[in-house]
Each structure stands twice: as structure tokens, then as C-alpha cells.
Amino acid sequence: MIRKVTFGELAESSNRLANALRGLGVCQGDRVAIMLPQRVETVVAHIAVYKLGAIAVPLSTLFGPEAIETRLQDCDAKVVIGESQSLEKVDSVDVEARVIDVDR
């Protein structure tokens, strides 16, 4: 199924997410992990992170818990943005990043 999104919708959604990230304390230079497959929310997440001057750290949804833990610890991500299924893996590892579930 093809989902059409306007630039206005991208701007509005990314502004909302950027404000939510700012509310979680994300500042310029902070790392935000994005663990999403190719979908509109992935684009929104990247744009929101860039609007804050933060650094997007893309993570594959195919990574296992050990790979996720290693990468999140190495980059010192402040927040992880993902969908319910992939965030279950994040919950099983020892990291202190906040989590945003795009499915909720």
C-alpha cells in the first residue's frame, strides 16, 4: 500500500516529535537512535532529530539484543525511537536511554 504524505504533514509531525524530544532533554549534539523500518515515521524521526541539531543513529530492526546493546552503549544514545516489536529488544538490554514507541 502506498501512503502519500505532504510536506506540510512532514513538517507538522516532525515539529511535534522535535518538541517531544526537547521535552525529554535532547539537545544539540545528543544522539538519538532510530530503530524503524522504511516508513513515514522513519523520515519524521530523522527530520525531528536534525531540527534539534542532534545526531541520528540508525539501527537495523534485524539486530539482536547484543548488537543493540553494544551500539546504544557505544553511541550513548539519550533516546531510542522505534516500534513496539523492535523496542522489546531494547527493553531486554542494559541501557539508560529513554524510549519513544511510534505505535502508541
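The values are calculated or read from the model by the stated rules, or taken from the named source; none is laboratory data. Predicted model only: the values in this text are computed from it and were never measured. Cβ placement follows ideal geometry from the backbone for every residue including glycine, while neighbour counts extend to all protein chains displayed. Heavy atoms of the whole protein, side chains included, go into the accessibility calculation; ligands, DNA and RNA do not. Shrake-Rupley method; radii C 1.70, N 1.55, O 1.52, S 1.80 Å.
Quick notes
- Axis of helix 40-51 versus longest Cα principal axis of the chain: the two differ by about 90°, to the nearest ten degrees.
- Of THR70, VAL49, PRO37, farthest towards positive along the dipole that unit charges on Lys, Arg, Asp, Glu beta carbons give the chain: VAL49
- Under the convention that each Lys and Arg Cβ holds +1 and each Asp and Glu Cβ holds -1, the size of the dipole of the range 3-104 around its Cα centre is about 500 debye.
- Accessible area in square angstrom per residue, the chain, 1.4 angstrom probe: 62 Å²
- Placing dummy labels 7 Å off each Cα toward the beta-carbon, the span from SER84 to GLU9 is 2.2 nm.
- Carbon and sulfur %, accessible surface of the chain computed with the full protein complex present, 1.4 Å: 50 percent
- Projected label distance in nm at ALA67 and MET1, using a 7 Å step from Cα toward the beta-carbon: 2.8 nm
- Residues whose amide H comes within less than 5 Å of that of VAL99, counting only those at least five positions distant or on another chain, are VAL80 (H built at 1.01 Å from N in the peptide plane).
- Tilt relative to the chain, helix 65-75 - C-alpha long axis, 0 to 90 degrees, to 10: 70 degrees
- Peptide packing: for 91-102, 66-77, the average count of neighbouring Cβ atoms within 10 Å per residue gives the ranking 66-77, 91-102, highest mean first.
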